[in-house]
Amino acid sequence: MLTRRNLIWIIPLCLFITFPLWRIPVTKFLTPRGGYDPSLAQRKLDSHNFNMTNVHITQSEFGKTTLEIVAVRAYTGSSENEFKMENVDAIITDTSGKQTYVTARKGILDKEAALLTLIDEVVVMNPTDQIELYTDLLIYNDKTHIAKSPGKTQVIGEKIEVRGKNLIFNTLTKTYQLDGRVRCKLTNFTSPE
């Protein structure tokens with residue numbers, strides 16, 4: 001007698017017994033067409049290229065913003081980790097929360113190396129220390145917190161003006177090192193007695 005309950009085990013049994021008959025047509029039907037081309041697996045995808053205007057880049061470390069960059073234009077550099085920028089305004093925030101303001105005509109940000117390179121008319125202002133720095137090339141390493149300027153540099157403070165070459169500035173220890181012919185002008189300086 002054929003009832004619903006018997007159909008539950010008769011249908012799978014019939015499929016199992018007739019498997020050799022329907023296996024070949026079903027596998028032919030389900031086989032992908034066109035084959036496999038190994039050259040597709042070796043294909044190198046195009047790298048990402050972009051060109052944007054009015055760009056705002058923010059870098060954070062341990063939940064705190066360490067670097068903010070606003071540029072009029074940004075585009076892809078020579079690698080995918082490099083961004084080139086024009087008319088750059090940057091704010092560098094140290095671990096204590098003090099901010100340093102930087103402007104330049106051009107900039108290059110290397111994300112992997114954590115380097116910010118600023119080119120042409122670079123101005124660095126630190127309002128808390130009342131110091132301004134002027135140069136044409138400045139390289140800031142966010143990993144070591146050291147800024148280097150290999151060209152002519154001018155540092156102006158409240159009562160001091162220093163000119164020299166090859167500036168190295170450590171933002172953690174707040175120390176400056178100038179090489180080359182250094183000229184210093186002090187205001188309200190009294191000689192020790």
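If I take all pairs of Cα atoms in the stretch 93-175, what percentage of them are more than 19 Å from each other? Within the stretch 93-175, distances greater than 19 Å cover 33 percent of Cα pairs. With the simple spin-label model, which puts each label point 7 Å out from Cα in the Cβ direction, the Thr187 to Ile160 separation comes to 1.5 nm. When you restrict to C-alpha pairs under 8 Å that are six or more residues apart and normalise by the size of the stretch 131-193, the relative contact order lands at 26 percent. Distant-in-sequence amide contacts of Arg73, defined by a placed amide H-H separation under 5 Å and a gap of 5 or more residues or a different chain, comprise Asn54, Val55, Glu86.
Accessible surface computed residue by residue for the stretch 42-193, with neighbouring protein chains in place and a 1.4 Å probe, gives 66 Å² per residue.
Using square roots of five times the C-alpha gyration tensor eigenvalues, list the equivalent-ellipsoid semi-axes of the chain in whole Å, biggest first.
Values for the chain, descending: 69, 20, 14 Å.
Placing Leu21, Leu137 in order of accessible area, with the largest value first and a 1.4 Å probe, yields Leu21, Leu137. Taking every Cα-Cα distance in the stretch 123-164 and sorting them into 10 Å bins from zero, the calculated P(r) comes out as 27, 54, 19, 0 percent. Computed over protein heavy atoms with a 1.4 Å probe, the carbon and sulfur contribution to the accessible area of the chain reaches 58%. Angle of helix 4-17 to the longest C-alpha principal axis of the chain, folded into 0 to 90 degrees and rounded to 10: 80°.
Taking N as the residue count of the stretch 20-110, its C-alpha radius of gyration divided by 2.2 N^0.38 Å amounts to 2.06. Taking θ as phi - 60° and the Karplus parameters 6.51, -1.76 and 1.60, the scalar couplings of the stretch 153-158 work out to 9, 10, 10, 10, x, 5 Hz in sequence order, x denoting glycine and proline.
If contacts are Cα pairs under 8 angstrom and at least 6 residues apart, what is the relative contact order of the stretch 15-93 in percent?
Once divided by the residue count of the stretch 15-93, the mean separation gives 21 percent.
Between 0 and 90 degrees, the angle of helix 19-30 with respect to the longest Cα principal axis of the chain falls at about 40 degrees. Helical content of the chain, expressed as a calculated mean residue ellipticity at 222 nm, amounts to -5000 deg cm²/dmol (DSSP H runs of 4 or more residues, -39,500 (n - 2.57) each, divided by residue number, nearest 500).
The values are calculated or read from the model by the stated rules, or taken from the named source; none is laboratory data. Model, not experiment: these values are computed from the prediction. Neighbour counts run over all protein chains shown; Cβ positions are idealised from the backbone, glycine included. Remember, those area values only see protein heavy atoms, side chains included, never the ligands or the DNA or RNA. Shrake-Rupley method; radii C 1.70, N 1.55, O 1.52, S 1.80 Å.
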